[in-house]
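The values are calculated or read from the model by the stated rules, or taken from the named source; none is laboratory data. In this text, all values refer to a predicted model and were calculated from it rather than measured experimentally. Note that we place each Cβ from the backbone using ideal geometry, even for glycine, and neighbour counts take in every protein chain shown.
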Amino acid sequence: MSKERLLPFGSVERNEDDTITCSCFKLMHDRVLQLWLDSCNFSKKALEMGRNDPRKVIYAIKMGFALALVSLFIFWKKPADVSQFSIWAILTVIVMFEFSIGATFIKGFNRGLGTFCAGMLAFLFAELSLLAGEWEKVVIVISFFITGSFASYLKLYPTMAPYEYGYRVFVLTFCILMVAGNRTREYTVAILSRLVLIAVGACICFIINICIYPIWAGDDLHRLVVNNFKELAASLEGCVDGYLKYVDYNRIPTRFMSQASGDQLCLGYKTVIESASREQSLLGFAVWEPPHGRYRTLGHPWRTYVKVSGAVRHCAYTVMALHGCILSEIQAPPEKRQVFRSHLQRVSAEGAKVLRELGNKIEKMEKIGTDDNILKEVHEAGEQLQKKIDQRSFLLVNSESWEIGNHRKVLEDLGDLPSEREYETLQLGFKSLSETAIYVKSPLISTPCLPNKDLPKQKLRKHVPWPSWISFEGNGLIKEDEVKTYQSASALSLATFASLLIEFVARLQNVVDCFEELSEEAEFKDPNIIVLTTSASFWTRFLRCFSLKS
């Protein structure tokens, strides 16, 4: 008898089923384990969010308290049956209750205006439908068409974008009121009851949100602007220090997107640049908030805060360009960077000092002293850096190829030959070697050779990275002229970095001008008056104590 006949029937099938069952069980086990790990990770992040910003926990508690309070309308049976309409108050709280008071006011205004207009229009069409008699259904259908068409068209108008939510509430409320009135045949009762309950829900939102640990969007905007100053100052110092340390970055094609995004140097200016959208959002909320706290002026100039932050962002673009110099393909030798080390560090230190001082003054809401010239030191540092560049300009270009003594030939090469009198005037204008080098036609400028689109793809080859003309001769040596060309380009990258730093100094003036405009409009405190008041109170207490002892 064969071995196959001695085996139990179906044993192979049972083994395969066991294998499939084990595989399914393992897969299910892995999924359950992954779900459990994801849940634990989510819980940790949620708790961490609450610890980092306790206001979010307070907001959630206030939202729950408002819902619990408005839910009492469900049990209101006498003297009038309000429970059947209580859902309107609950929906109002859910929709209107926002994180900040400004956002709550915006939602309240949109909902209140949309509900009121919908109620008036619903009352008008309800009366028309009752007068129409047997044409009542036609009037209701036509009212739906007119209301939906006009509201949908008007909300597309550009200036009506902030009120888009109000249009949705308007259409929704109108439709629900017309349906409810048609079902009960009591249009007036349905409209008035819903309007009253919506108003009650809105009042509960405002009272709880303002009276219990208020969260103001204006405070967030103020802190965001101050933080932009501090972040940019740290990023400026980090970029200059990183450039002088000559950090060796990996030369990979995607370095700026991958490496730069995680680089500590770019976090500061990246935060400033990406804060524009949040500033606009907070500005839209802050303008709706009433005077409060330190912002007691009616119509506080919140837009000027955004203007100041825009000036800071204008400087952040320069810092981003400085960081780009660190990641560029062409790098200046470390020994040439050390020549300008002290001047570059002084400009960055003074520029960061100005940013931090302005940030502290905005935080304390103080003006710049009448005797303080906040830009004096940084301007002097910028001028010293420019003088250093003029004195050491031979390090930034290939000085051996300068055409210093033949200004006439240079102008002929440019194709703009002046008259004799103009030429004499131009000759007096050549004051430094660096200015002369500006007028020399660069041999590096050439028309790029674009590949022919008609060629087949297999014939296109990958080109050698720039500079492609640096090639090896038969003896294995590089041509001397080609080496000089590359060295000249690498030295010019140092001039680019220094020029960007000087540009940053020039842009600081706009930041100071915007700050002074803000300090006047927001009525910041004068530091001189604060010092006089403090000293007067000190002497008053001193004389009082002296008189008591005597």
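Could you list, in sequence order, all residues of region 337-352 that are closer than 15 Å to Ala491 by Cα, hydrophobic (A, V, I, L, M, F, W, C) and in a helix (DSSP H, G or I)?
Quick first cut of region 337-352, residues closer than 15 Å to Ala491 by Cα only: 337-341.
Filter again for hydrophobic (A, V, I, L, M, F, W, C), leaving 339-340.
The answer is Val339, and nothing else.
Within the group Ala68, Ala126, which residue is among the small types (Gly, Ala, Ser), surrounded by fewer than 20 Cβ atoms within 10 Å (Cβ to Cβ) and more than 20 Å from Glu289 (Cβ to Cβ)? Working first, answer last.
Numbers: Ala126 fails: surrounded by fewer than 20 Cβ atoms within 10 Å (Cβ to Cβ).
Unique residue meeting the criteria: Ala68.
Report, by residue number, each residue of region 260-315 that is of a type in the set (A, V, I, L, M), surrounded by 20 or more Cβ atoms within 10 Å (Cβ to Cβ) and at pLDDT below 90.
Within region 260-315, just Leu265 meets the criteria.
Which numbered condition in (1) surrounded by 13 or more Cβ atoms within 10 Å (Cβ to Cβ); (2) aliphatic (A, V, I, L, M); (3) free of Cβ contacts under 8 Å to residues at least 12 places away in the same chain is the only one that Met49 fails?
The number of the failed condition is (1).
From Gly102, Gly119, Gly181, grab the single residue that is at pLDDT 85 or above, in contact with a helix residue (DSSP H, G or I) (Cβ under 6 Å, 6 or more places away or on another chain), assigned by TED's automatic domain parsing to the domain that holds Gly201 and not acidic (Asp, Glu).
Numbers: Gly119 fails: at pLDDT 85 or above; Gly181 fails: at pLDDT 85 or above.
Sole residue among the options that is at pLDDT 85 or above, in contact with a helix residue (DSSP H, G or I) (Cβ under 6 Å, 6 or more places away or on another chain), assigned by TED's automatic domain parsing to the domain that holds Gly201 and not acidic (Asp, Glu): Gly102.
From Glu127, Glu98, which residue is acidic (Asp, Glu) and assigned to a helix (DSSP H, G or I)?
On the way: Glu98 fails: assigned to a helix (DSSP H, G or I).
Only one candidate qualifies: Glu127.
Given (1) farther than 22 Å from Tyr269 by Cα; (2) modelled with pLDDT of 60 or more; (3) charged (D, E, K, R); (4) assigned to a helix (DSSP H, G or I), where does Asp371 come up short, assuming only one miss?
All conditions pass for Asp371, except number (4).
Looking at region 146-185 only, could you name the residues that are over 28 Å from Leu131 (Cα atoms) and of a type in the set (A, V, I, L, M)?
Leu154, Leu156, Met160, Ala161
Does region 365-383 include one or more residues that are within 24 Å of the chain's Cα centre (by Cα), of a type in the set (A, V, I, L, M), within 21 Å of Glu516 (Cβ to Cβ) and crowded, with 21+ Cβ neighbours inside 10 Å?
Step one: list which residues in region 365-383 are within 24 Å of the chain's Cα centre (by Cα), which gives 365.
When the remaining residues are screened for being of a type in the set (A, V, I, L, M), the result is 365.
Right, trim to within 21 Å of Glu516 (Cβ to Cβ) and you get 365.
Add one more test, that the residue is crowded, with 21+ Cβ neighbours inside 10 Å, and what stays is none.
No - not one qualifying residue is present in region 365-383.
Select from region 195-224 the residues that are hydrophobic (A, V, I, L, M, F, W, C) and under 19 Å from Arg296 (Cα atoms) and write down the one among them that is surrounded by the fewest Cβ atoms within 10 Å (Cβ to Cβ).
Of all residues in region 195-224, those hydrophobic (A, V, I, L, M, F, W, C) come to 195-200, 202-208, 210-212, 215-217, 221, 224.
If we keep only those that are under 19 Å from Arg296 (Cα atoms) as well, we get 210-211, 215-217, 221.
Working: Ile210: 17, Cys211: 9, Ile215: 21, Trp216: 20, Ala217: 26, Leu221: 24.
That would be Cys211.
Going by what's in this entry, would Gly133 be described as at positive phi and at pLDDT below 85?
Judged against the criteria, Gly133 is a match.
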